[in-house]
Amino acid sequence: GGIREVSAALSRAEMGGVLSTRELLDVASLLHAANQVRKYGAEQQEKGLTTTLDLYFSRINSNKYLEEKINRAIISEEEIADAASTTLANLRRQMRAQNVRVRETLNHFVSSPTYSKYLQESLITQRDGRFVIPVKSEHRGDIPGMVHDVSSSGATLFIEPAQVVDANNQLKILLGKEKAEIERILAELTADVADFSDAIAADYDVLCKLDFIFAKARFSFALNACAPEISETTQVNLLRARHPLLDQKKAVPIDIALGGEYDTLVITGPNTGGKTVSLKTL
C-alpha cells in the first residue's frame, strides 16, 4: 500500500516549481512503499528463495533519507512541523510568547470592571490576523484603538486596543517570516525530490509491475487457476476450463479443442445450456 502516482509532481520539481505539502507527502509515501518492498525482497533472498522476481526487487532504489526528511518536516497537508528547521522552531517560539503577551493585555480589558461593561461579549477574537475585542458601538470612544470590523447589525465593533497595536504588529511580522520560512522549506524539499526524480520514477515503475504481478498471482490462487501453454499455431486445447467471472463453486468445467484434428466447431443445445459461456470461455 501507499504507492502514489507522482509523475506530474516530479516533472514540476525538475522545472523548478515548488511542490505542495500533499505532493511531498505522496512522494514520501511512495518511497516508504519502495523501502518496504525492497526489504521484503531482501528477506526472501536471505531465506535462500530465488525467483524470477529477484531482478525487480534488485532494481528498487528506495530513499530512506528523503522519506524521513519529508515526514520529519511535514505533519499533514495543513501543518509543517517545528522540527522542519531551527529557524521555524525559533519563530514559532517567539510567536507563542507574543501571543501570550497580547492575550494578557486583552484579558485585562475583558476581566476589568472598568472596561468589561463596554464589551458586547467577554471574549477575545481575531480579524485579519490581529487580536481584537467586541465593543458595543455606542462605547466606541471609551476604548481607544483601531476598528477592524463591524458586525452585520452594526451593534458591535471589533477593536484592536491601542495597547496591543505594537504587539500585534510584531506578531504580524513573525507570521510573515514564518510563511517565508515554510516556503523555503518546501522549496528545499522540492529540490531534493528533483535531485532524485529519476530514481523515484523508476521505483514507481517497478512497484507498479510488482503490484500487477502479485495481483495476477492472487487472482490465480483465488480461481485455483494454472498457467496455460501458449500455442505457436492456431490450435486451442482447453481442459476443464472455467469462465473466470463465474462462481467457481457453481461453474461447470468444459473441454474445448479446435485447430487440431478439425478447424470448425458447432456448439448447439437448448437455452441456458452453456453455449454462450463456452464461447466466452474460449
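Regarding region 46-53, can at least one residue be identified that is part of a helix (DSSP H, G or I) and under 28 Å from ASP211 (Cβ atoms)? There is at least one residue in region 46-53 that is part of a helix (DSSP H, G or I) and under 28 Å from ASP211 (Cβ atoms).
Modelled with pLDDT of 85 or more and either over 39 Å from the mean Cα position of the chain (by Cα) or in a helix (DSSP H, G or I) (or both), is that true of ARG140? Give the derivation first.
Details: modelled with pLDDT of 85 or more: no; either over 39 Å from the mean Cα position of the chain (by Cα) or in a helix (DSSP H, G or I) (or both): yes.
Judged against the criteria, ARG140 is not a match.
Please go through region 114-129 and pick out each residue that is part of a loop (DSSP other than H, G, I, E, B) and surrounded by 16 or more Cβ atoms within 10 Å (Cβ to Cβ).
Within region 114-129, the first condition is being part of a loop (DSSP other than H, G, I, E, B), and the residues that meet it are 117-118, 120-124, 128-129.
Hits for region 114-129 are TYR118, GLN120, ILE124.
Scan region 218-227 for residues that are among the small types (Gly, Ala, Ser) and exposed (fewer than 11 other Cβ atoms within 10 Å of the Cβ) and report the count. Quick ask: steps written out before the conclusion?
Here is the first cut: in region 218-227, the residues among the small types (Gly, Ala, Ser) are 220, 222, 225, 227.
Next, only the ones that are exposed (fewer than 11 other Cβ atoms within 10 Å of the Cβ) stay: 222, 227.
Summing the residues that are among the small types (Gly, Ala, Ser) and exposed (fewer than 11 other Cβ atoms within 10 Å of the Cβ) in region 218-227 gives 2.
Whenever a residue of region 221-246 is farther than 20 Å from TYR262 by Cβ and in a strand (DSSP E or B), its partners that are at pLDDT 85 or above and open to solvent by less than 100 Å² (accessible area, probe 1.4 Å), lying with C-beta atoms within less than 8 angstrom and at least six residues away or across chains, give the pairs ARG240/PRO253; ARG240/ILE254.
Residues of region 154-197 that are among the polar types (S, T, N, Q) and either within 30 Å of ALA8 (Cα to Cα) or open to solvent by 20 Å² or more (accessible area, probe 1.4 Å) (or both): GLN163, ASN169, GLN170, THR190, SER197. Only one entry of LYS209, LYS216 meets the criterion of being of a type in the set (Lys, Arg), touching a helix residue (DSSP H, G or I) at 6+ places or on another chain (Cβ under 8 Å) and closer than 30 Å to VAL37 by Cβ, and that entry is LYS209. Among the residues making up region 47-71, those that are within 23 Å of the chain's Cα centre (by Cα), within 16 Å of TYR204 (Cα to Cα) and open to solvent by 60 Å² or more (accessible area, probe 1.4 Å) are ASN61, LYS64.
Number of residues in region 130-153 that are closer than 12 Å to LYS117 by Cα and either in contact with a Cys (Cβ under 9 Å, 6 or more places away or on another chain) or crowded, with 18+ Cβ neighbours inside 10 Å (or both) equals 3.
Is it the case that some residue within region 197-218 is in contact (Cβ under 8 Å) with a residue 40 or more places away in the chain and acidic (Asp, Glu)? Lay out the reasoning, then the answer.
Within region 197-218, the first condition is being in contact (Cβ under 8 Å) with a residue 40 or more places away in the chain, and the residues that meet it are 197, 199-204, 206-211, 213.
If we keep only those that are acidic (Asp, Glu) too, we end up with 203, 211.
Within region 197-218, one or more residues are in contact (Cβ under 8 Å) with a residue 40 or more places away in the chain and acidic (Asp, Glu).
Only a single item in (1) under 30 Å from ALA217 (Cα atoms); (2) open to solvent by less than 100 Å² (accessible area, probe 1.4 Å) is not met by ILE230, and it is number (2). Scanning region 236-252 for residues that are open to solvent by less than 100 Å² (accessible area, probe 1.4 Å) and of a type outside the set (Gly, Ala, Ser) turns up VAL236, LEU238, ARG242, HIS243, PRO244, LEU246, ASP247, GLN248.
Count of region 95-113 residues, restricted to those that are open to solvent by less than 80 Å² (accessible area, probe 1.4 Å) and either assigned to a helix (DSSP H, G or I) or within 17 Å of VAL165 (Cβ to Cβ) (or both), is 11.
Quick grid of which residues meet (1) closer than 15 Å to VAL206 by Cα; (2) surrounded by fewer than 15 Cβ atoms within 10 Å (Cβ to Cβ):
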position	(1), (2)
GLY2	yes, yes
ARG38	yes, no
GLN45	no, yes
ALA73	no, no
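Taking region 143-163 as the range and being under 40 Å from the mean Cα position of the chain (by Cα) and closer than 22 Å to ARG101 by Cβ as the test, the residues that pass are HIS148, PHE158, GLU160.
So if I check each of ASP211, ASP255, ASP263, which one is under 30 Å from GLY2 (Cβ atoms), modelled with pLDDT of 85 or more and open to solvent by 80 Å² or more (accessible area, probe 1.4 Å)? Result: ASP211 is the single residue among ASP211, ASP255, ASP263 that is under 30 Å from GLY2 (Cβ atoms), modelled with pLDDT of 85 or more and open to solvent by 80 Å² or more (accessible area, probe 1.4 Å).
The values are calculated or read from the model by the stated rules, or taken from the named source; none is laboratory data. Since the model is a prediction, treat every value here as computed from it, not as a measurement. Glycine gets a Cβ as well: all are built from the backbone with ideal geometry, and neighbour counts include every protein chain shown. Surface accessibility is based on the protein's heavy atoms, side chains included, excluding ligands, DNA and RNA. Shrake-Rupley method; radii C 1.70, N 1.55, O 1.52, S 1.80 Å.
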